[in-house]
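Below you'll find the structure, written out as structure tokens, and then a few comments.
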């Protein structure tokens with residue numbers, strides 16, 4: 001498997017048609033190796049990164065994995081994750097965060113997995129969040145400085161990660177009222193992007209946002225998927241195939257006639 005090259009995400013490279021070569025992925029997570037032969041999961045809270053890949057379990061060896069973390073108190077935020085990774089490929093995720101401080105807390109979550117190496121041409125995304133207010137009565141999530149949208153997807157092209165063009169979510173989601181009693185659900189919609197057939201061997205999902213209000217709770221769910229390219233033969237190729245089939249049918253018919261005489 002190629003590397004998860006998160007250390008190179010700031011590089012601008014030629015992207016496949018319809019996708020965007022750009023940064024946005026976290027650039028480091030302590031001393032974590034950037035060579036991945038299995039899925040990974042990172043949590044970044046206020047620029048402090050924690051690798052939670054140890055909570056990944058193989059459901060089907062080499063193809064399907066599950067992630068279920070305990071509740072973790074990390075640098076001003078309380079976090080719990082669940083996710084499913086499939087090498088076919090897709091990533092689905094669930095995230096719950098509780099602010100342990102009144103001020104804004106920045107969260108970022110990176111889910112990454114090797115996928116079946118192949119030619120892909122369609123990416124999709126979907127997601128949404130519910131926010132429950134906290135001690136001050138006004139809980140909210142908004143976009144963070146990590147990336148302009150809440151949810152984004154990436155694949156590797158050669159040695160560089162490429163934005164798949166399915167970023168979603170920019171509007172703030174706010175729950176205001178009597179503390180701990182108001183929950184607002186904000187659907188972030190979905191996106192689909194078709195691009196030129198491109199080789200990918202890794203898939204990443206990034207979720208990032210800023211959350212306000214002591215003890216406010218934000219709960220996310222979403223997914224990033226890739227679909228294989230459908231290769232339509234050129235007319236000349238179809239003609240050659242048809243001619244070859246005609247010759248094969250004729251040859252088979254002659255053999256049958258000869259064998260019957």
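Structure data summary
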item	result
Residue count, the stretch 88-102 (criterion: at pLDDT below 95 and surrounded by 19 or more Cβ atoms within 10 Å (Cβ to Cβ))	1
Yes/no for residue 222 being more than 21 Å from residue 40 (Cα to Cα), touching a residue at least 40 places away in the same chain (Cβ under 8 Å) and surrounded by 15 or more Cβ atoms within 10 Å (Cβ to Cβ)	no
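The values are calculated or read from the model by the stated rules, or taken from the named source; none is laboratory data. If you're wondering where the values come from, they're calculated on a predicted model, not measured in any experiment. Cβ sites come from the backbone with ideal geometry, for glycine too, and all protein chains shown count toward neighbours.
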